[in-house]
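Shown next, in structure tokens, is the structure this report addresses.
The numbers here are math on the coordinates, done by the rules we state, and not lab data. In this text the structure is predicted, and so the values were computed from the model without any measurement. Positions of Cβ are backbone-derived with ideal geometry, glycine not excepted, and every protein chain shown enters the neighbour counts.
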């Protein structure tokens, strides 16, 4: 009798912890190219509503824009975000486990730059994306700091902040 009760309790625990695997691909709405490294996740509030013990759950897309995420059965929404694109909420449908998510480019532009660090680094050891900004003495003018000088560069003024780590390559 004790064995039957234990088996029944395990079956209930397994049923309440049922997960489903959602797979799909995230692509750009501009050129239909896959987005590498896009975030696909379940919001903490949705996890709480589903009765999950986790406080966070997510994954990122691979080199082909594909993802796979195991979520609690009661979760009804996924979120997808990528830098430079509008975040999208995906309402999950019963019986559908494969999704094609198309993210649209964001209309926000960058306006302010804040320098947060400086480092010298050999070019062959650099693994990050970089951009070089040529600032001449004429552009610097009366600026007292590098961030003031960068603010004088011609950019669209619908503001977002971007943080820059200055690297001197040699």
Item to check | Least to most buried among 97, 45 (fewest other Cβ within 10 Å first) | outcome: 45, 97
Next on the checklist: At 0.36 nm per residue, and after removing the present C-alpha to C-alpha distance, how many nm does the segment from residue 68 to residue 30 gain when stretched out fully?
Outcome noted: 11.3 nm
Checklist entry - How many nm separate the modelled label positions at residue 87 and residue 100, each set 7 Å beyond the Cα in the direction of the Cβ? => result 2.6 nm
Checklist outcome for this item: With a Förster distance of 45 angstrom and the Cβ-Cβ distance between residue 107 and residue 50, calculated FRET efficiency to the nearest 0.05 equals 0.85
